[in-house]
Amino acid sequence: MKSADDRYNPKSCRFSKEWMFLQAFLTALALNTELGVANDEIDGISNVLLARLYALFAQIEFGIRSRGFFLTVLTAALFVGYMWISQKKRFFSTEKHAALAAFLSAMYTGGMAYWYGGSLSLLYSFQINRIRSIVLLVGMYFFYLHAIEGMHYMLHKKTENAGTVAEKKGKWVSMYQKSSFWITWGILMLAWLVHLILRYPGAMSYDNWAQLRYYYGFETYTTAQPIFHTWLFGSFIRLGVKLGSSNVGLFLFVLMQTLIMSAVLAWTLELMKRWNAASWIRKLTFAVYCVAPYFAGYAAFPIKDYLYTAFLVLLVCLMAEWMILRDQFWQHIGKNVLWIVGTTLMILCRKNGIYLYFVVVTVVLVQMGLHKMKGAKDTADSRQPEADKREKSAAWKQWMRTAGRKLIVVCLPFVLVFVVEGIITQVYHVEKDSPKEMFSLPFQQTARYVKEYGDEISEEEREIIAKVLDYDSLAEIYEPMTADPVKTTYRSGSAGDLTAYFKVWLKEFFRHPLCYVEATWNQNYYVFAPYVDNVVYNKNCLVGSELEYDKEYYSWLNFQIPEKMEGVSNVTVKLYSLLTTAPVIGMFSNVAFYVILMFVLLHFIRLEKNKRAFFVMLPAVISFLFVLLAPQIQGQPRYAFPIIYTMPLMIAFYQRTGKV
């Protein structure tokens, strides 16, 4: 830990208040700038110069979302905030944060272009938008720069409220200290149970109906959905049917996943308490868990992502404990069992879990190798040969025991997954689905290329693409926000067809690389756009059932909303929508908010060379890459749940291991 004297100490002459006020004004203007273009008619002005001035003023007025009073209040608030941050002691110079602030500002500005016009060209195709782009870039640069500095200060601020409340007296405090995990879990469960009741028996989706068709044999059981999650969900519904109602099975399933998720999140709070995380972080996290729609609102939704996220958060908790306990972690049988079971279930609940875990295992094995090399070097440098031999022998035996346990614990999940999926595959005759899901992004890039540069594609290239996708329909069905329409045209070509396709894909990238960048950015700008609300909450158990009405099995495999609860789930979901768009609390159900937090945290970790924190953040970083490769993020915030649900724990762990 650096002393106060070692920290970055800026010049005593701070920025002038005038300069700080200008930054606040530009930020307020940027936060209220729109990219729409007015069509005002100019009547009665024959002078060309005056006509242009009139048009300029009209466009400026049209592009400002709010009126003078609100902008004045916002500017004043930002000015006070900027001044407060600028007066705090800095741990790094402002220049250290400039690159990240510029990147986030560019993402914000580019996202605005896609939000309004679906193309970066909107930023420069109109003269007024060139000016607006500069305002957006500069204003948001200052905003992110001060926000980064403020966050770093807050995470390293030593306050009286940091740490536990062990020093306080009282019956209730004493009881909480003894049973903090169980009390936290109980409160979380009670808070979420209200949501389960309001949306009884649960909220279905089209994927859930597909899983039931697979499970009951009405369609070929394929790997399009995770086969274990399909079996698990189907088994609960079968149990409910045997008990007299499929409603019971659905409710039991969402109750089961709620118990698991609430227990895992309660453990994150328990770890924060053990790490002496700042009191405000723990209290805020607990409030978000209880109230934010992205947490409470998804408890009644039996999607595969929910259980997958729960077990991923569990893995992150265990990784954090390992980084703190070091080799002692591998001597703890309970934690080792949790690692094996939790990781196995994580992989079983979602297919990309195995890729994420493979990276984690690779890092674990590399760490083991480096640790062994370091031990060998230390032994070789010893000046006492005889004692060194005994030490070397003992150290070697200890390392072998620990390494053997590590290998068993980290590798056993792969074996268990293979066994479980093998049994389900044999019993239900599961068939492998096409790889179209993993190729969503390149397919989307090809579709945009065909739409924008179709006349440049040779006949040979068209034939190659047509063997994999429906070439003739690509330009028409291309939707910038989702790859679903394009990937559904996938033709199960041979490995040779796919190889030829990707050669063409690469050639076209080098011809027009910006086209591929735009296809990717246009689909994923939501992840850096805090001004966009990603509001999606399936209302009730009837979602997706409209496609099942004419099926023979619907007479007995259907879900019903109790008569006395008609409309209750609609009101509940409307409340979620309101909370998602509300000031302050809405940010805690905003994908971009958590992604930006992740990037800022990674920035701090890089500056401080905090390797332990980076290791713990690996699942979130990999999950971010999965988001970019997914068919869409708009309307599907669940893809970002691994980032959203792990962020509070990662912030607390960073605070615990920070090096400034």
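Please treat every number below as a calculation from the coordinates, not as lab data. Predicted model only: the values in this text are computed from it and were never measured. Neighbour counts run over all protein chains shown; Cβ positions are idealised from the backbone, glycine included.
At q = 0.05, 0.09 Å⁻¹, what log₁₀ I(q)/I(0) does a Debye calculation on the Cα points of the chain give, no solvent, two decimals? For the requested q values the scattering log ratios are -0.28, -0.93.
Exposure proxy ranking for 135, 486, based on other Cβ atoms within 10 angstrom of each Cβ and starting from the fewest, stands as 135, 486. Only helical runs count toward this figure. For the chain, summing -39,500 (n - 2.57) over DSSP H runs of n ≥ 4 and dividing by all residues gives -22500 deg cm²/dmol at 222 nm. With a Cα-only, solvent-free Debye model of region 17-150, what are the log10 I(q)/I(0) values at q = 0.10, 0.11, 0.12, 0.18 Å⁻¹? After summing over all Cα pairs, the log10 values are -0.39, -0.46, -0.54, -1.01.
Could you give the length gained on full extension between residue 197 and residue 415, defined as 0.36 nm per residue of separation minus the Cα-Cα distance, in nm?
Details: separation 218, 0.36 × 218 = 78.48 nm, distance 3.84 nm.
Length difference between fully extended and current span is 74.6 nm.
Exceedance of the 28 Å cut-off in Cα-Cα distance is limited, within the set 242/432; 17/283; 273/609; 273/574; 88/178, to 242/432; 17/283; 273/574; 88/178.
Contact order normalised by length for the chain, with contacts defined as Cα pairs under 8 Å and 6 or more residues apart; what percent is it? Result for the chain is 18 percent. Using C-alpha pairs under 8 Å with a sequence gap of at least 6, the mean separation divided by the residue count of region 17-150 gives a relative contact order of 42 percent. Hey, how many Å between the Cα centroid of region 485-548 and the Cα centroid of region 401-434? Rounded to whole Å, the Cα centres lie 30 Å apart. Taking amide H positions as modeled 1.01 Å from N, with prolines and chain starts lacking one, the residues under 5 Å from residue 222 and 5 or more places away or on another chain are 431.
Couplings for region 86-98, taken from phi via the Karplus curve 6.51 cos²θ - 1.76 cosθ + 1.60 with θ = phi - 60°, read 5, 8, 7, 5, 9, 8, 9, 5, 4, 4, 5, 9, 4 Hz in order; Gly and Pro are left as x.
I'd like the distance between the alpha-carbon centres of region 254-325 and region 212-226, rounded to an integer number of Å. One Cα centre to the other: 31 Å.
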